[in-house]
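The values are calculated or read from the model by the stated rules, or taken from the named source; none is laboratory data. This is a predicted model, so every value here is computed, not measured. Here the Cβ positions follow ideal geometry from the backbone for every residue, glycine too, while neighbour counts run over all protein chains shown.
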C-alpha cells in the first residue's frame, strides 16, 4: 500500500473530554428492541483516530448496535453523536459512516469499480471526481488490478477488500466493521487483518470493529468493550479490560480461565483471599465476597517440591508469595504452548508453558505439581452473581451474517 494522508474532515462541532481529547463517536444510553432481543442502555465514547473493538459471543447484540449507530435501526431510546453532532434522527446516507459487513454484500451484477463507486453519488461526489476517488482508494487497499473484474470470481479476501474500499471511498467520519474477518480462511484473515491495521495507521480514521475473536481484539484494538445479552459490561483501554476484568464473565471471555469466588480480608497494603485450595494474596483489591482471576500464562508449574518460578521472574530473585498444590488432570497442545489443567482441593487451575519448558519439565497426567504466581498476577474484583442476570433474548440475524 502507498502512503496516504488522513481523510479531510467536514467542518462541524467538536466534543472534547476534560483532558482535551476530541471525541468522534459518542453513544448515549442506546436501546433498541428487535423481536425478542433488546439492546439495553449502551453508552461509550471513541476519540479521534481511535480503534475501538466490541467483543462478545454470537447473538450478544454487536450487529444490532452497529446497525443502530449507522441508522439502519431507529432506537427506542438514547442518542448517537458524531463529531459533536446529534445524528440520531438522520438517515444513514447523511451520517458519514462507512460500514463493512461480515459478508461483503457486494452487488453481483456490478464490476469491482462500480461497487466501489456506488455510494459516491449519494454523498455528493461529482461525477468527474468519482473515477479518481475509486482508483485512489482501490490502490490504497491493494486492489487496483481488480477494478475491471466482475465480483463473481473474486476470493473471499478480495471481496472483503472491495467492501472495505467501498466503505472508505466516501471518506467516512467513522468506519464500522462487522466481523469483517470471520468468513475468511486463516491465511486470508491474517493478511486482511494486517491490511486493516496498516490502513488505520495511514488514514487515522476512527474505527469501531465488532468480533467474537479475542486474538483479533488484542491485535487490532486500542479501546475494548465487552457485550453480553445486549449490555455493555466493560469498556476502556484494551489492556485494562484484558488484565483487569470487572466481572467473572468478562474475565472468562477475554481468556482468563482461572476465575474463582473467594472471601478477601485486608492484610497490610493488599488483601488475602480464602479459596478452597487455601489462601492467596494480592497487592490490591476490595474486602468481602470477591472474584479472583489469574491469567494462565502468569502461572508457573513444576513437580511438587520443585522450584517453579512465575514467568518473567529471574530465578535468583524469585520470592513467590502464592503456591498451590494439585494434580495434573489433562495436558493439551496449543501450538507454541502447552496447556495444563490442574485439580486442587477446591479449584481447577489452568497453566500455560512453552513447549521447550514442557519438554524439560517431564510433567505428565496424574503427576502431583505445584503452581506458583506472584501477587501482582492476581486481579480482585467485587463478586457479582451473573446467573441472576435476566436474558435479553437472541440477536436477530443481521444483513451481513448468519446469526
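Things to note:
- In a residue-by-residue description of the stretch 183-194, the property of being in contact with a strand residue (DSSP E or B) (Cβ under 8 Å, 6 or more places away or on another chain) and assigned by TED's automatic domain parsing to the domain that holds residue 138 applies to no position.
- Test: residue 141 is surrounded by fewer than 22 Cβ atoms within 10 Å (Cβ to Cβ), closer than 26 Å to residue 123 by Cβ and modelled with pLDDT under 95: no
- Scanning the stretch 23-38 for residues that are touching a residue at least 60 places away in the same chain (Cβ under 8 Å) and either in contact with a helix residue (DSSP H, G or I) (Cβ under 9 Å, 6 or more places away or on another chain) or assigned to a strand (DSSP E or B) (or both) yields a count of 6.
- Unmet criterion (only one of (1) at pLDDT below 90; (2) under 30 Å from residue 39 (Cα atoms)) for residue 269: (2)
- For residue 235, the conditions (1) farther than 16 Å from residue 383 by Cβ; (2) in contact with a helix residue (DSSP H, G or I) (Cβ under 7 Å, 6 or more places away or on another chain); (3) assigned to a strand (DSSP E or B) are fulfilled apart from (2).
- You will find that of 320, 294, 338, 328, the residue that is at pLDDT 95 or above and either more than 26 Å from the chain's Cα centre (by Cα) or surrounded by fewer than 20 Cβ atoms within 10 Å (Cβ to Cβ) (or both) is 328 and no other.
- Residue in the stretch 210-231 that is over 30 Å from residue 170 (Cβ atoms) and part of a loop (DSSP other than H, G, I, E, B) present: yes
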